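Structure first, commentary second.
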């Protein structure tokens with residue numbers, strides 16, 4: 001497999017603004033900077049998406065997400081965060097190396113919108129539950 005851009009950053013073959021690193025993962029500033037401090041946390045080992053990541057790596061990454069979020073809150077005075085990952089193109093994944101976004105929030109008008117639609121009056125929650133559980 002050819003190395004992906006995040007693998008190359010993880011190996012320090014491509015420079016990045018790394019704000020955290022250990023033997024399993026690293027956190028670096030996203031080039032897009034959706035909001036100031038927008039950070040990506042990646043495993044150094046290549047995994048395509050969240051369904052491929054082993055439990056130990058995923059657990060460790062979430063601990064790092066928490067640590068980096070504390071750092072961003074303290075240093076940038078973030079008022080909140082969106083913590084998210086995208087899986088496959090339909091969900092907006094453009095680099096097929098698992099990563100977690102930490103998007104600091106500063107106000108309702110900071111340029112980022114995560115909009116959740118309320119479809120509660122349109123769907124049959126019981127039917128969905130049974131499709132999942134049966």
Shape of the chain, Cα gyration tensor, a/c cut at 1.5 = oblate
Cα-projected label distance for residue 21 with residue 83, points at 7 Å along beta-carbon direction, nm = 2.4 nm
Once both labels are modelled 7 Å past Cα along the beta-carbon direction, what's the residue 105-residue 66 spacing in nm?
-> 2.0 nm
Only helical DSSP H runs with n ≥ 4 go in: add -39500 (n - 2.57) per run for the chain, normalise by residue count and round the 222 nm mean residue ellipticity to 500 deg cm²/dmol.
-> -8500 deg cm²/dmol
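The numbers here are math on the coordinates, done by the rules we state, and not lab data. Computed from a prediction, not measured in an experiment: that's the story for all the values here. Here Cβ is always computed from backbone atoms with ideal geometry, including for glycine, and neighbour counts include all displayed protein chains.
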